[in-house]
Amino acid sequence: MGLARGLERRLEGLVDGLASRLFKGRIHPVELGTRIVRAADLAVFDTPAGPGAPNAFRVVMGGDSEPPHAVAAAERALEEVLGEAAAEQGWRLEGPPTVRISFGPGPPAAVSVEAGIEAGVIEPFATLEGPDGQLLPIGMNRVVIGRSKSADVRIPGGDVSRRHALLWREAGSLWLADLGSSNGTFVNGTRLAETVSLEDGDHIFLGGTALVFRRL
């Protein structure tokens, strides 16, 4: 799986930026970013909300250790790449993207990538605003909305099904689908018969429970 050109440019900038010393004689940052995204793709698994992927990666490079500021700059850039790749592919991450770089034995060109899952709070990219003004944050790329205690976004209304609707990010858009609810899902007055894309300010009804979708 390749990286979008914008992500490639971001990683190429590491060669001339704070992390330049880190990549001298080692793997190119674009190749490293591609390896991380490929590792995530190969480890995709099923969740109640759809495909999930690892969010925590440990990269071990050969050679001597490098200054902490250079390592931190590379980690931040790689985390942004992983987060954007997840949003593009529609992967659910159970926590924020994390990349940790350490150094071990072997020549500088040696590199290993290990994937894992670390649950945690993800900064929201959107909210659902209830009729009382309550804001329900949406941080994961894929969330189940319903009245069940296991729903990612819980709405306790009696006309809301336990697993009522699915909201997710994929391919640059935000999507909403009904999950076979008893009372239906409506967007701007139209009952959903298939997946629809969402726009900021769209009015959503889960049965008779009114919500307003807001992008952040």
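Against the main long axis of the alpha-carbon atoms of the chain, helix 29-42 sits at an angle near 50°.
The value for region 1-160 of Rg(Cα) / (2.2 N^0.38 Å) is 1.21. Under the convention that each Lys and Arg Cβ holds +1 and each Asp and Glu Cβ holds -1, the size of the dipole of the chain around its Cα centre is about 260 debye.
At 1.4 Å probe size, with the rest of the protein present, what percent of the exposed accessible area of the chain is carbon and sulfur atoms?
Numbers: 5250 of 10450 Å².
Within the chain, the accessible surface is 50 percent carbon and sulfur.
In the chain, helices alone account for a calculated mean residue ellipticity at 222 nm of -6500 deg cm²/dmol, with every DSSP H run of four or more residues adding -39,500 (n - 2.57). For the chain, the per residue solvent-accessible surface stands at 48 Å², with DNA, RNA and ligands left out and a 1.4 Å probe.
Restricting the trypsin sites (Lys or Arg not before Pro) of region 98-200 to loop positions (DSSP other than H, G, I, E, B) with no more than 16 neighbouring Cβ atoms within 10 Å leaves Lys149, Arg162.
Taken over the alpha carbons of region 90-211 as equal point scatterers, the Debye sum produces base-10 log I(q)/I(0) values at 0.16, 0.17 Å⁻¹ of -0.77, -0.85. Counted without the sites themselves, the longest stretch of the chain free of GluC sites (Glu not before Pro) in a DSSP loop having at most 15 other beta carbon atoms within 10 Å is 1-117. Comparing His164, His69, His203 in a Gaussian network model of the chain (Cα springs below 10 Å), the most mobile by mean-square fluctuation is His69. Each Cα pair under 8 Å and six or more residues apart adds its separation to the average, and for the chain the resulting relative contact order is 16 percent.
The values are calculated or read from the model by the stated rules, or taken from the named source; none is laboratory data. Source: prediction; values computed, not measured. Neighbour counts run over all protein chains shown; Cβ positions are idealised from the backbone, glycine included. Remember, those area values only see protein heavy atoms, side chains included, never the ligands or the DNA or RNA. Shrake-Rupley method; radii C 1.70, N 1.55, O 1.52, S 1.80 Å.
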